[in-house]
1. Could you report the accessible area of Arg210 in Å², rounded to 10, computed with a 1.4 Å probe on the protein chains as they sit in the structure?
2. Over the chain, give the accessible area per residue in Å² for a 1.4 Å probe, as an integer.
3. Leaving out ligands, DNA and RNA, and with a 1.4 Å probe, what % of the accessible surface on region 1-61 is carbon or sulfur?
4. What residues qualify as long-range amide H neighbours of Val40, i.e. H under 5 Å apart, gap of 5 or more or another chain, H built at 1.01 Å from N?
5. Pop a pseudo-label 7 angstrom from the Cα along the beta-carbon direction at both Asp37 and Lys205 and give the gap in nm to one decimal.
6. For the chain, what does the equivalent ellipsoid look like in terms of its semi-axes, each the square root of 5 times an eigenvalue of the Cα gyration tensor, given largest first in whole Å?
7. Convert each backbone phi in region 68-73 into a coupling constant with the Karplus relation 6.51 cos²θ - 1.76 cosθ + 1.60 (shift: θ = phi - 60°), then list the ³J(HN,Hα) values in order as whole Hz, x for Gly and Pro.
8. Mind putting a number on the dipole of the chain about its Cα centre? Charges go on the C-beta only, +1 for Lys and Arg and -1 for Asp and Glu, and I need it in Debye to the nearest 20.
Amino acid sequence: TQAEKLRSWALVGLILLTVIPNIAYTMIWSIGILWVDERVVLAPPLGSVPPNWFTSIHAFASIAVVPLLLGLWAAQARRGREPGSLAKFGIGAAITGVSALLFVAGELVAGADGKVAAWWAIAGFFGMGTAFMWYWPTLLTVISQSAPPKLNATLVSASYLSFFAGITIMGWVGSFYSEMDRVSFWLIDAAIGFAGALIVWLIHKPLSNRLGVG
């Protein structure tokens, strides 16, 4: 039907919007590890840590925060204050920006040797994993609830193309890493995340109405 077509195009738009937080989030997969190896103190009091170990932090966070988020949303729902699906999406995008700012903060308070304390990197990686659980499951839920039956599986599959696009663009943005100071680079990554949140804030009402979600 015409309504289903409009809803499908709105979902395509939401998938395209997901590219933005995916750029900010996936930056830690490659450039984040380079930054850790170059700038972070890898011998904290608990023992030496290899740079690649940090890749497990965001994965751990995406599991560890699930019960906390479910509890938070359940408590908010009981008070009638649970954010809608697109609001959760926007919050997730904003958290990617905040997480990148933790790297910025680490750089700004670096020690006399110019090295960043490991806790700043751990917090940033953990924050990125938390952000992912705000926006990615929300995207899949919105698609499964709103997509026409004939396109449901297709659009769920198509949503993963946002990772392809996000990683591709992330690679281009990351190519400037060696040419920039580290504060400026992570500020750009933060700005990308906040841009996604801003766009959601600007269009979430008409988009929510089109998709029939809260």
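1. Answer for Arg210: close to 120 Å² accessible.
2. Working: 10490 Å² over 214 residues.
That works out to 49 Å² for each residue.
3. Details: 2040 of 2950 Å².
Carbon and sulfur atoms account for 69 percent of the accessible area of region 1-61.
4. When sequence neighbours closer than 5 places are left aside, the close amide H contacts are Val116.
5. About 4.9 nm, to one decimal.
6. Details: eigenvalues 228, 69, 41 Å².
Its equivalent ellipsoid spans semi-axes of 34, 19, 14 Å.
7. 5, 5, 4, x, 4, 5
8. On the way: 12 positive and 9 negative charges, 209 e Å.
Rounded to the nearest 20 debye, it is 1000 debye.
The values are calculated or read from the model by the stated rules, or taken from the named source; none is laboratory data. Being a predicted model, the structure only gives us computed values, none of them experimental. Positions of Cβ are backbone-derived with ideal geometry, glycine not excepted, and every protein chain shown enters the neighbour counts. To get the accessible areas, we keep the full protein, side chains included, count just its heavy atoms, and leave off ligands, DNA and RNA. Shrake-Rupley method; radii C 1.70, N 1.55, O 1.52, S 1.80 Å.
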